[in-house]
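Asks: I have a structure here, written as structure tokens, and I will follow up with some questions on it.
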Amino acid sequence: MHPLTPKFPHLLHGGDYNPDQWLDRPDILEEDVRLMKEAHINCVSLGIFSWARLEPEEGRYDFDWLEAIIDRLYENGVYTVLATPSGAKPIWMSEKYPEIRRVRPDGRRDPSGGRHNHCYTSPVYREKVRQMDTALAQRFSHHPGVILWHLSNEYEGACYCPQCQAAFRRWLKEKYGTLDNLNHAWWSAFWSHTITDWEQIQAPVPQGEGSVFAQVLDWKRFVSHQATDFLRAERDAVKGVNPEIPVTTNFMYYYDGYDYWKMKDLVDVVSWDSYPQWRGGNNARLAADYALYHDIMRSMKKQPFLLMESAPSTTNWWPVSKLKKPGMHRMASLQAVAHGSNSVQYFQFRKSRGSFEKFHGAVVDHYGGTDTREFQDVAEVGRLLEKLDAVSRSQVRPQAAVLYDWENQWAMEDAQGPRNLGLHYKEQVLAHYQALWRLGVPMDVVDETCDLAGYKLVVAPMLYLLRAGFSQKLRDFVAGGGTLVGTYHTGIVDENDLCYLGGWPGDGLREVFGLWNEATDALWDQEENALCLEDGREYRLKDLCALIHPQGAQVLGTYGQDFYKGEPALTVHAYGKGQAYYVASFAEDGFYQDFYKKLAEELALERALPVELPEGVEACLREGDGRRYVFLQNFSGEPQKVALPAGYTLFGEDAPLAEVELAPYDSQVLETAAP
Ligand code: GLA
Ligand code: ZN
């Protein structure tokens with residue numbers, strides 16, 4: 001396995017460090033190094049928002065201060081993840097070149113200030129960034145302490161300036177070639193919106209064109225493309241100087257502004273910033289939600305990722321800034337590692353004295369000492385990661401995959417109907433995921449561009465939009481012996497957002513599921529239906545009820561109410577060597593738990609630990625060097641016990657263990673020989 005950071009191939013522990021805020025306090029900078037060692041920190045991210053300090057006036061670069069810091073850190077065993085500073089532009093620059101500031105959908109240009117708000121198209125900004133990135137790379141990319149590029153910070157948002165609009169038109173021209181093609185894809189005869197000149201095309205905005213869904217979808221694709229192109233330019237700038245240093249950029253929690261699956265091809269390492277809102281009591285649902293996202297991050301490149309930011313304790317932008325309860329810091333940190341992270345990093349090392357984030361948790365508080373819970377929690381995780389270092393050479397190798405597709409979400413959520421109160425795509429994916437997660441089944445979470453070969457089970461809820469070629473992958477997967485679980489609202493539109501003719505689910509999926517979805521009934525929030533199984537079990541249903549006609553599928557359950565009472569609501573169909581289930585509505589959790597328990601047994605899906613897990617306890621598996629590492633996290637808020645099969649020890653110990661006790665919010669790492 002190729003290490004994520006070859007110059008320092010270990011689990012990373014550290015985080016954002018902003019010494020440029022403290023340059024007038026050499027005593028503090030000195031103290032920081034001592035504190036880092038005490039916290040078992042081995043790397044920091046530097047220079048993320050330092051542009052004004054790196055280029056105090058146009059064309060005058062001042063990197064000496066940064067070099068002094070990188071040197072000192074390196075001499076003390078702390079490595080540098082070096083940022084390009086494009087996430088926040090200096091005020092002198094945005095005042096001199098207004099075009100680099102973003103224009104909002106109402107046509108107004110932002111004043112100077114803020115962050116993550118530059119125009120991605122502006123040639124001026126791109127050139128300034130290229131010059132800065134190149135200069136940083138020339139100065140630092142051969143430094144023995146610099147191990148990774150942190151490109152920009154949390155790329156986000158869209159710009160509606162004239163240069164972006166022109167780029168949108170160029171992108172469309174390239175995609176469609178002719179206006180006839182574009183008009184057909186956009187179904188623009190509707191409401192007489194036929195485009196007769198490319199110059200007529202504008203970005204969709206609420207006060208203008210916002211109802212041509214294919215146009216809205218294309219705009220989202222374009223915005224994603226443009227941000228990805230900006231990322232590419234930054235990558236090329238630093239790699240042009242030294243291709244040896246890997247690059248990453250930090251992704252955000254379920255951020256749907258860009259298709260991260262396109263960006264991931266440009267980075268060597270996927271990383272993200274995780275800020276779960278832990279509370280008292282049972283945090284299992286929240287934990288499953290974050291588990292799913294960690295799994296997306298790992299599945300993107302099918303290799304470990306980096307947790308680039310997390311809060312050592314409190315997060316100041318939540319409605320309420322809760323402190324982490326005892327155990328939670330270690331639990332949340334190990335959850336990330338359990339799902340494939342090769343780091344635990346924080347925002348930030350030393351708490352800022354002023355401005356927006358002065359109340360955000362940090363390793364070192366304004367107080368300055370090490371006798372704080374926050375500091376001690378961090379130091380404990382640091383010691384633990386040093387001990388767990390062999391885990392950095394291990395992988396997660398799931399037999400099951402869950403589909404979560406960005407374009408599918410874009411298309412579904414913009415459409416009017418069938419349920420403008422909320423389609424709950426993410427909740428539906430999570431409902432399936434959580435049931436398998438409770439069983440300790442390792443999962444990849446992939447999108448429609450991914451390869452399905454090799455999985456035993458593919459769960460693809462609400463596959464509304466089918467990208468070209470994807471239904472063929474599903475057909476091949478099932479025909480070859482795979483098990484597919486699909487649901488309502490599947491196979492409705494093609495990649496241009498045009499509805500399939502000839503019956504849903506379209507593009508050949510009717511044959512796979514062995515049914516025709518004639519229509520779909522939508523339920524009000526307070527309405528319910530029921531799924532009735534032959535053995536008498538009943539489960540509540542909500543949101544959408546697909547009315548289906550089996551065409552070869554076997555009926556396993558029926559609706560309990562309404563004019564379609566008694567009609568099929570759960571089916572299975574043998575197709576080739578495999579089988580395809582169809583769950584026609586959104587059921588309560590109990591259904592998914594029972595359904596996947598049985599299915600996991602039938603398919604003999606590998607589980608992290610082959611035992612029944614207590615409610616709220618997660619089990620994850622990483623394998624490498626002939627060892628299996630099992631991570632147990634107790635999110636339940638109650639003490640729990642897990643009985644173990646023979647052959648397990650606590651990580652790094654010899655004494656065999658028959659049972660693990662987990663205090664509330666506790667976490668433990670076990671190991672055993674790989675079979
Ligand atoms: C984000 C940013 C950081 C910081 C943290 C605070 O993840 O990348 O710069 O603002 O949030 O939680
Ligand atoms: Zn712009």
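The values are calculated or read from the model by the stated rules, or taken from the named source; none is laboratory data. All figures in this text were calculated on a predicted structure; none of them were measured in a lab. Virtual Cβ from ideal backbone geometry, glycine too; neighbours counted across all protein chains shown. Accessible surface is based on the protein model in full, side chains and every heavy atom, while ligands, DNA and RNA are left aside. Shrake-Rupley method; radii C 1.70, N 1.55, O 1.52, S 1.80 Å.
Asks: Since ASP414 meets every condition but one in (1) out of contact with any Phe, Trp or Tyr (no Cβ under 6 Å at 6 or more places or on another chain); (2) at pLDDT below 95, which condition does it not meet?
Replies: (1)
Asks: If you don't mind, another one. Looking at the stretch 160-180 only, could you name the residues that are buried (at least 16 other Cβ atoms within 10 Å of the Cβ), assigned to a loop (DSSP other than H, G, I, E, B) and more than 14 Å from ligand 2 (Cβ to nearest atom)?
Replies: none
Asks: Mind counting the residues in the stretch 127-148 that are out of contact with any Pro (no Cβ under 7 Å at 6 or more places or on another chain) and either within 16 Å of ligand 1 (Cβ to nearest atom) or outside any loop (DSSP other than H, G, I, E, B) (or both)?
Replies: If we filter the stretch 127-148 for residues that are out of contact with any Pro (no Cβ under 7 Å at 6 or more places or on another chain), which is where we start, we get 127-131, 133-147.
Next cut, either within 16 Å of ligand 1 (Cβ to nearest atom) or outside any loop (DSSP other than H, G, I, E, B) (or both) only: 127-131, 133-140, 146-147.
Final tally of qualifying residues: 15.
Asks: Can I ask one more? Go through the stretch 139-158 and give me each residue that's within 19 Å of SER271 (Cβ to Cβ) and either open to solvent by 10 Å² or more (accessible area, probe 1.4 Å) or under 19 Å from the mean Cα position of the chain (by Cα) (or both).
Replies: HIS150, LEU151, SER152, ASN153, GLU154, TYR155, GLU156
Asks: Tell me whether the stretch 626-644 contains one or more residues that are modelled with pLDDT of 95 or more, touching a Phe, Trp or Tyr at 6+ places or on another chain (Cβ under 8 Å) and either open to solvent by 10 Å² or more (accessible area, probe 1.4 Å) or polar (S, T, N, Q) (or both). Give the derivation first.
Replies: Let us first name the residues in the stretch 626-644 that are modelled with pLDDT of 95 or more, namely 626-644.
Retained after the next criterion (residues that are touching a Phe, Trp or Tyr at 6+ places or on another chain (Cβ under 8 Å)): 629-630, 634-635, 637.
Okay, now just the ones that are also either open to solvent by 10 Å² or more (accessible area, probe 1.4 Å) or polar (S, T, N, Q) (or both), so 634, 637.
The answer is yes, given that some residue of the stretch 626-644 is modelled with pLDDT of 95 or more, touching a Phe, Trp or Tyr at 6+ places or on another chain (Cβ under 8 Å) and either open to solvent by 10 Å² or more (accessible area, probe 1.4 Å) or polar (S, T, N, Q) (or both).
Asks: Can you tell me which residue within the stretch 351-374, out of those that are assigned to a loop (DSSP other than H, G, I, E, B) and hydrophobic (A, V, I, L, M, F, W, C), is farthest from ligand 2 (Cβ to nearest atom)? So that I can check it myself, show each step before the final result.
Replies: In the first step, residues of the stretch 351-374 are kept if they are assigned to a loop (DSSP other than H, G, I, E, B); the result is 351-363, 365-372.
So of that shortlist, the ones also hydrophobic (A, V, I, L, M, F, W, C) come out as 356, 359, 362-363.
Details: PHE356: 25, PHE359: 33, ALA362: 34, VAL363: 37 Å.
My answer is VAL363.
Asks: Is it the case that the stretch 48-66 has a residue that's exposed (fewer than 15 other Cβ atoms within 10 Å of the Cβ) and either within 16 Å of ligand 1 (Cβ to nearest atom) or more than 21 Å from VAL129 (Cα to Cα) (or both)?
Replies: Checked the stretch 48-66: no residue is exposed (fewer than 15 other Cβ atoms within 10 Å of the Cβ) and either within 16 Å of ligand 1 (Cβ to nearest atom) or more than 21 Å from VAL129 (Cα to Cα) (or both).
Asks: So, LYS89, is that one modelled with pLDDT of 95 or more and touching a helix residue (DSSP H, G or I) at 6+ places or on another chain (Cβ under 7 Å) or not? Before the answer, list the steps.
Replies: On the way: modelled with pLDDT of 95 or more: yes; touching a helix residue (DSSP H, G or I) at 6+ places or on another chain (Cβ under 7 Å): yes.
Answer is yes for this residue.
Asks: To continue, here is another question. Based on what the data block shows, is VAL103 within 13 Å of ligand 2 (Cβ to nearest atom), surrounded by 14 or more Cβ atoms within 10 Å (Cβ to Cβ) and in contact (Cβ under 8 Å) with a residue 40 or more places away in the chain? Full working, then the answer.
Replies: Numbers: within 13 Å of ligand 2 (Cβ to nearest atom): yes; surrounded by 14 or more Cβ atoms within 10 Å (Cβ to Cβ): yes; in contact (Cβ under 8 Å) with a residue 40 or more places away in the chain: yes.
Yes.
Asks: Within the stretch 116-126, can one find any residue that is in a loop (DSSP other than H, G, I, E, B), at positive phi, in contact (Cβ under 8 Å) with a residue 12 or more places away in the chain and within 16 Å of ligand 1 (Cβ to nearest atom)? Break it down into steps so the answer makes sense when it comes.
Replies: In the first step, residues of the stretch 116-126 are kept if they are in a loop (DSSP other than H, G, I, E, B); the result is 116-117, 119-122.
If we keep only those that are at positive phi too, we end up with 116.
Now drop any that are not in contact (Cβ under 8 Å) with a residue 12 or more places away in the chain, which leaves 116.
Subsequent filtering for residues that are within 16 Å of ligand 1 (Cβ to nearest atom) retains 116.
Yes, because at least one residue in the stretch 116-126 is in a loop (DSSP other than H, G, I, E, B), at positive phi, in contact (Cβ under 8 Å) with a residue 12 or more places away in the chain and within 16 Å of ligand 1 (Cβ to nearest atom).
Here is a yes/no grid of residues against (1) surrounded by 18 or more Cβ atoms within 10 Å (Cβ to Cβ); (2) touching a residue at least 40 places away in the same chain (Cβ under 8 Å); (3) part of a loop (DSSP other than H, G, I, E, B):
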| position | (1), (2), (3) |
| --- | --- |
| ALA379 | yes, yes, no |
| GLY382 | yes, yes, no |
| GLU386 | no, yes, no |
| VAL391 | yes, yes, no |
| ARG397 | no, yes, yes |
| ALA401 | yes, yes, no |
| GLU407 | yes, yes, no |
| TRP410 | yes, yes, no |
| GLU413 | no, no, no |
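Asks: So, one more: Restricting to helices (runs of 4 or more DSSP H) lying wholly in the stretch 213-322: which have 2 or more residues that are under 16 Å from the mean Cα position of the chain (by Cα) and more than 25 Å from LEU148 (Cα to Cα)? Before you say what the answer is, go through the steps one by one.
Replies: Working: elements: 213-241, 260-263, 284-301.
Here the list reads 284-301.
Asks: With the structure loaded, tell me whether GLY566 is open to solvent by less than 70 Å² (accessible area, probe 1.4 Å) and not in a helix (DSSP H, G or I) or whether it fails that test. Quick ask: steps written out before the conclusion?
Replies: Working: open to solvent by less than 70 Å² (accessible area, probe 1.4 Å): yes; not in a helix (DSSP H, G or I): yes.
Spelling it out, GLY566 is indeed open to solvent by less than 70 Å² (accessible area, probe 1.4 Å) and not in a helix (DSSP H, G or I).
Asks: Of the numbered conditions (1) over 15 Å from TYR346 (Cα atoms); (2) in contact with a strand residue (DSSP E or B) (Cβ under 6 Å, 6 or more places away or on another chain); (3) charged (D, E, K, R), ASP16 fails exactly one; give the number of that condition.
Replies: Status for ASP16: all satisfied but (1).
Asks: Let me ask something else about it. Got a number for residues in the stretch 583-606 being open to solvent by 20 Å² or more (accessible area, probe 1.4 Å) and of a type outside the set (S, T, N, Q)? Show your work before the answer.
Replies: Filtering the stretch 583-606 for residues open to solvent by 20 Å² or more (accessible area, probe 1.4 Å) gives 588-590, 593-595, 597-598, 601-604, 606.
Retained after the next criterion (residues that are of a type outside the set (S, T, N, Q)): 588-590, 594-595, 597-598, 601-604, 606.
Result for the stretch 583-606: 12.
Asks: What pairs come out if I take residues in the stretch 249-273 that are within 20 Å of GLN409 (Cβ to Cβ) and pair them with residues that are within 13 Å of ligand 1 (Cβ to nearest atom) and in a loop (DSSP other than H, G, I, E, B) whose C-beta lies under 6 Å away, six or more apart or interchain?
Replies: Correct list of pairs: MET252/GLU154; GLY257/GLU156.
Asks: Sticking with this one: Give me the residue from the stretch 150-159 that is out of contact with any helix residue (DSSP H, G or I) (no Cβ under 6 Å at 6 or more places or on another chain) and more than 19 Å from GLY15 (Cα to Cα) and, out of that set, nearest to ligand 2 (Cβ to nearest atom). Let's see the steps before the verdict.
Replies: Initially, the stretch 150-159 is screened for residues out of contact with any helix residue (DSSP H, G or I) (no Cβ under 6 Å at 6 or more places or on another chain), giving 150, 152-154, 156-157, 159.
Subsequent filtering for residues that are more than 19 Å from GLY15 (Cα to Cα) retains 156-157, 159.
Values: GLU156: 14, GLY157: 10, CYS159: 3 Å.
Step by step, filter the stretch 150-159, then rank; the result is CYS159.
Asks: Next up: I need the full set of residues from the stretch 72-98 which are under 22 Å from GLU55 (Cβ atoms) and either in contact with a Cys (Cβ under 7 Å, 6 or more places away or on another chain) or hydroxyl-bearing (Ser, Thr, Tyr) (or both), in order please.
Replies: Within the stretch 72-98, THR80, VAL81, THR84, SER86, SER94, TYR97 meet the criteria.
Asks: Need the failing condition index for TRP191 against (1) assigned to a helix (DSSP H, G or I); (2) open to solvent by less than 30 Å² (accessible area, probe 1.4 Å); (3) of a type outside the set (Asp, Glu), just the number.
Replies: TRP191 satisfies all of (1) assigned to a helix (DSSP H, G or I); (2) open to solvent by less than 30 Å² (accessible area, probe 1.4 Å); (3) of a type outside the set (Asp, Glu) except (2).
Asks: Name the residue, out of ILE195, ILE147, that is touching a Lys or Arg at 6+ places or on another chain (Cβ under 9 Å) and away from ligand 2 (no atom under 16 Å from the Cβ). Show your work before the answer.
Replies: Numbers: ILE195 fails: touching a Lys or Arg at 6+ places or on another chain (Cβ under 9 Å).
Unique residue meeting the criteria: ILE147.
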